[in-house]
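Contents: one structure, followed by commentary.
A short reminder: the numbers here are calculations on the coordinates, not readings from a lab. Not measured: the values here are computed from a predicted model. Because the Cβ atoms are built from the backbone with ideal geometry, glycine has one as well, and the counts that use them run over all protein chains shown.
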Amino acid sequence: MRKVNFLFPIYLAKIVAAVSRLFNLGAGSTWPGHLAFEQDKQILSWLVSQLKGGVILIAGTNGKTTTSKMIRTILEHGLKKKVVHNEAGANLLNGIVSSLIMATDWRGRIKADWGVFEVDEATLPLALNEFTPKVVVLLNLFRDQLDRYGEVDLIAQKWHKALIGLPRDCSIVLNADDPQIAFLGDKLKARVFYFGLEDSSVILAEKQHAMDSSFCPRCAARLKFEGIYFSHLGHWLCSSCALLRPKVDLSSWDYPLVGIYNRYNTLAAVLVARILGVKDNQIKQSLKDFHPAFGRLEEIAVEGKKIRVLLSKNPTGFNESIRTLNEFPGKKTVLLVLNDQIPDGRDVSWIWDVDFEELGDVGIITSGDRAYDMGLRIKYALQTQNYSSKVKIKEDLKEAIKEGLEAAGDDETLYILPTYSAMLEVREIIAGRKIL
Amino acid sequence: MSKRLKTNDHKLTIGWLYPDLMSTYGDRGNVICLRKRAEWRGIEVVIKEITLETSEKELENCDLLFMGGAQDRQQKIASDDLRKNKGPVIKKMVEGGVPTLFVCAAYQFMGHFYRPAEGEDIPGLGLFDLHTIHPGSDKPRCIGNVVVKTTTSYLVGFENHGGRTYLGKKVEPLGEVVVGYGNNGGDKSEGAVYKNAFGTYLHGPVLPKNPHFADLLLKLALEKKYGKAELVELDDSLEWQTHKFIVKKLGVGV
């Protein structure tokens, strides 16, 4: 009879969401859930308990949105199941509550089988406190927004504490190539599965500076890497305590997206699907025409030219964006958009950990709240002191995009590499409408 | 530029302490900045990465030292090595006038001790007459943009530290905070200076946006090595634009 009590917060949330949509107020994906959760903290576990299949949680610094979308696509197309998911970015508890409430009918019943939710680093332990998921996917841990999340080691500690209570019928899917993520599988009651790359053709020749876990998560000695795919992801072992990269359950697939980081996202999603009993041919079929979310590389036609947006929100993400855009042939114009709002992190120091020296001979425009900081970083990445022929600084984002499109010749692509809030602004400008 | 110094035959070795351990906050930018600003003036630069395996002899041969911030676990690995091996050498170099820059965790470690929220005091190198106390994990960290007024100029940066640092009598502050917490959020002091050793909480990183500070370090290093040094002026309009943008953003009228 508990249910009756939840109807008020559910109606409240639905009304707020409808009003927010009607007047295009934004924040429609978090605010309703926030209000409902304020009314009754138990609403989340009650809503989740209605999902017959269960919940899949996806966490990690980079790749949450793409991996979640792949899992969702496989469940919907491969298994023909109804899925509730949170929108990209709405990855705190209020975002999960919002998405669940939007899936309820007027009696508060959810018409879906599965919940696929991406959660941010700090939210994972909170979510595990509220309910027990079927699967937890942990992708990676890189330095990101140190002013907000704290340091990588600290997050890993909190995660392990939260995972240790999960029961045997829960599956934990871990990236074997990230030492700290792999070590999270230690001493768990839940079943642990690993994915990792085994492809010597994409191993890096040189270590990148932005490595966050180059020391043994167990004994703190320096790790040995036989090969690195990027940052600190690779084939590692500790010569001191003999801890080593676990054997993996999945190491290759017919990847639907370019970029090494997308290989990891795909492996994670496919491994989850296999655990849930989806057949390989169903997985392949589902991912055949997979479209990434906005800001994850898809091509957009604007005024007869092409734009590709690659969300680049931390050193490792940025390095991988640069590596990926270097794989595309031809002359390039690159627009770097650096914001310092709360979702980006207020501290922009991290851009000095990005290897902009790898950008090669491209035309560069910088923009965003911290357009000058980004311009200065590029100045110090160039060979010559004369930066002004290579870099243009445009504080106004709209003008910067316009300038970029003009600079890009016919059949050329403008590559936009924005931080998180900058990506939303880019999307708004390109689409010509408000987006959240 | 009348007094253009012939710098073609000049060479600086910049020692970067623990780049793989003590470099979590973009502080690598300080090394990039020092290198570029020297190279643009025709000074040859060697960046010597000094880590656990590096000998003290190689450390001694450096003309300028830099060390940045880190995660706690990595900091512990570095501090063990510092206390046992490299610390005494660094101390001797600082006493001899070698310019050094210590940021955040490295700055704290150069004091007498660090008192964590729980557990025993962690002894430091005692290079600066100061100590740091962590007031407890329930107390807020000092996080945000900073503007510091020094005796001759302003510095801008970003701070992010839990520990509060208190200066002793034998050390001068680097400056006074106009915006931000600085050493301890109480007495307005920021950073510390002893001989040619500078300690600060400023990330940002601090040097690219404060080119006068970068040049001061280079000048001190050249003077120590070659006697007299006059740095050729560079076009720093973008550096100062970035600097002023932050000052303006924070609403400081300087």
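Worth pointing out:
- Relative contact order [Cα under 8 Å, 6+ residues apart], chain B, whole percent: 19 percent
- Structure remark: mean-square fluctuation, Gaussian network model of chain A, C-alpha springs under 10 Å; the largest value among A:S239, A:S213, A:S389 belongs to A:S389.
- Top of A:L243, A:L100, A:L417 by mean-square fluctuation, Gaussian network on chain A, Cα under 10 Å: A:L243
- Extension gain, A:E327 back to A:A205 (0.36 nm per residue minus Cα-Cα distance, nm): 42.3 nm
- For region A:210-233 and region B:64-109, distance of Cα centres in Å: 23 Å
- DSSP-assigned coil residues among trypsin sites (Lys or Arg not before Pro) in region A:396-436, each with at most 11 further Cβ atoms within 10 Å: A:R433, A:K434
- Spacing of the modelled spin labels on B:K149 and A:E38, each 7 Å from Cα toward Cβ, amounts to 4.2 nm.
- Taking the DSSP beta bridges with both ends in chain A, the antiparallel portion is around 25 percent.
- Dipole of region A:199-332 computed with +1 at Lys/Arg Cβ and -1 at Asp/Glu Cβ about the Cα centre; of A:C238, A:S321, A:L287, farthest Cα towards the positive end is A:C238.
- Under a Gaussian network description of chain B, with springs only between Cα atoms under 10 Å, the residue in B:E53, B:E95, B:E44 that fluctuates furthest is B:E53.
- For region A:409-416, the Karplus equation 6.51 cos²θ - 1.76 cosθ + 1.60, evaluated at θ = phi - 60°, returns couplings of x, 4, 6, 9, 10, 8, 9, 10 Hz by residue, with Gly and Pro reported as x.
- For B:V179, nonlocal amide neighbours, meaning residues 5 or more places apart or on other chains whose placed amide H falls under 5 Å from its own, are B:V147.
- Förster-model FRET efficiency, 22 Å R0, B:R141 and A:I164, C-beta, rounded to 0.05: 0.20
- 12 Å reach of a label modelled at A:A431, 7 Å along Cα-to-Cβ, counting backbone N of region A:76-101: A:88
- The mean sequence separation of alpha-carbon pairs under 8 Å and at least six residues apart, normalised by the residue count of chain A, gives a relative contact order of 14 percent.
- For region A:112-249, the relative contact order comes to 20 percent (Cα pairs under 8 Å, sequence separation of at least 6).
- Antiparallel bridge percentage (DSSP; both residues within chain B; nearest 5): 55 percent
- The calculated FRET efficiency for A:S239 paired with B:K248, based on their beta-carbon distance and R0 = 60 Å, is about 0.70.
- Amide N of region A:367-388 lying under 13 Å from the label point, which is placed 7 angstrom from the Cα of A:V302 along Cα→Cβ: A:367-368
- Calculated FRET efficiency for the pair B:N85/B:E223, C-beta based, R₀ 22 Å, to 0.05: 0.20
- Pairs from B:K76/B:K219; A:K81/A:K161; B:K86/B:K225; A:K81/A:K332; A:K207/A:K279; A:K14/A:K288 whose Cα-Cα separation, in the structure shown, is over 30 Å: B:K76/B:K219; A:K81/A:K161; A:K81/A:K332; A:K207/A:K279; A:K14/A:K288
- For peptide B:22-35, the mean count of partner chain Cβ atoms within 10 Å of a residue's Cβ comes to 5.
- No Cys partner within the rule (Cβ under 4.7 Å), the protein assembly as shown: A:C170, B:C33, B:C62, B:C104, B:C142
- Taking label points 7 Å from Cα along the Cα-to-Cβ direction, A:Q383 and B:I122 give a separation of 4.3 nm.
- Length released on extending from A:E198 to A:N129, taking residue separation times 0.36 nm less the Cα-Cα span: 21.3 nm
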